[in-house]
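Let me begin by presenting the structure, written as structure tokens, before commenting on it.
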Amino acid sequence: DETVRRHAAVSAGVIDADEALKHLFQVATMDDDETMRGHATAAMGAIDADKALKHLLQVAARDGDETVRRHAAVSAGVIDADEALKHLFQVATMDDDETMRGHATAAMGAIDADKALKHLLQVAARDGDETVRRH
């Protein structure tokens, strides 16, 4: 049952962070159900920020489903880490999908306004898509 699997994925992070992170990364990258991959990325963000960040950035860059990539980008954006900001800036300026660029831009704003400001201004000045510039 999808609901049981979703709740188990979220609860796993509370029990054993290292083991849960390994399992959640597998779900986030290999599960056939994009909803489960999205829930796994959200749960990864609730575990140990330093350990989850590299996994979240991989999912944000590689998943074929825009919703899963958005969940991973937002979870990474919530983690106050310079690495997340660098990665999200790269996605915001180089991703072919304007929706993903917009989500990455929005996630950058969730990190630290002072740190994100110069990056956000660059995106606003360069991006050809009005929606992305508005984010």
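The values are calculated or read from the model by the stated rules, or taken from the named source; none is laboratory data. These numbers come from a predicted model, not from an experiment. Accessible surface areas use protein heavy atoms only, side chains included; no ligands, DNA or RNA. Shrake-Rupley method; radii C 1.70, N 1.55, O 1.52, S 1.80 Å.
Of L56, L121, which has the most accessible area and how do the rest follow, probe 1.4 Å? Let's see the in-between values first.
Working: L56 0, L121 105 Å².
The residues order as L121, L56, largest area first.
Of the accessible area of segment 14-89, with the probe set at 1.4 angstrom, what percent is carbon plus sulfur? Don't jump to the answer; show the numbers that get you there.
Working: 1850 of 3740 Å².
Taking all protein chains in place, segment 14-89 shows 49 percent carbon and sulfur surface.
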**Message:** How large is the accessible surface of F25 in square angstrom, using a 1.4 angstrom probe and rounding to the nearest 10?
**Reply:** 40 Å²
**Fill in**
Subtracting the Cα-Cα distance of D18 and R126 from 0.36 nm times their residue separation yields 34.9 nm
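Per residue, how much accessible area does segment 23-110 have with a 1.4 Å probe, in Å²?
Values: 3940 Å² over 88 residues.
Per-residue accessible area for segment 23-110 comes out at 45 Å².
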